[in-house]
């Protein structure tokens, strides 16, 4: 599978996901990565899942993301638990039908605002 910026995280298998995480962390000069870190920060998890940082915080507060640990003022996520969560497809994926329905709803709301 060719992986690019349009590839959804949920479509990756664990090995591909590990490769993406490793390459992302290597791209950041602050890290010398020989293997995945034990814990991911909120911004790292946001990049990994495609969620915004605010969404990560919200889902963590609602206990929708497993493996979160608070350390002082930071929240860290256990990498192994996150990978299992993604592998188990716990991340919601709307069907094509749901996507079309949601798009229609958004379109209708925008049209109402214009009137």
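What follows is calculated from the coordinates using simple rules that are stated; it is not laboratory data. In this text the structure is predicted, and so the values were computed from the model without any measurement. Every residue, glycine as well, gets a Cβ built from its backbone with ideal geometry; the counts of neighbours run over all protein chains shown.
Working from the alpha-carbon coordinates of region 42-115, get Rg over Rh, Rh being the Kirkwood radius. A ratio of 1.13. This ranking places 42, 106 by how few other beta-carbon atoms lie within 10 Å of each, fewest first, which gives 106, 42. A simple spin-label model places pseudo-atoms 7 Å from Cα toward Cβ; at residue 38 and residue 114 they are separated by 5.5 nm. Once the C-beta distance of residue 97 and residue 59 is scaled by a Förster radius of 30 Å, the resulting FRET efficiency is 0.80 to the nearest 0.05. Length gained on full extension, residue 84 to residue 22: 20.7 nm, using 0.36 nm per residue less the C-alpha separation. You can think of it this way: the chain between residue 6 and residue 105 has 33.2 nm of extra reach, that is 0.36 nm per residue less the Cα-Cα gap.
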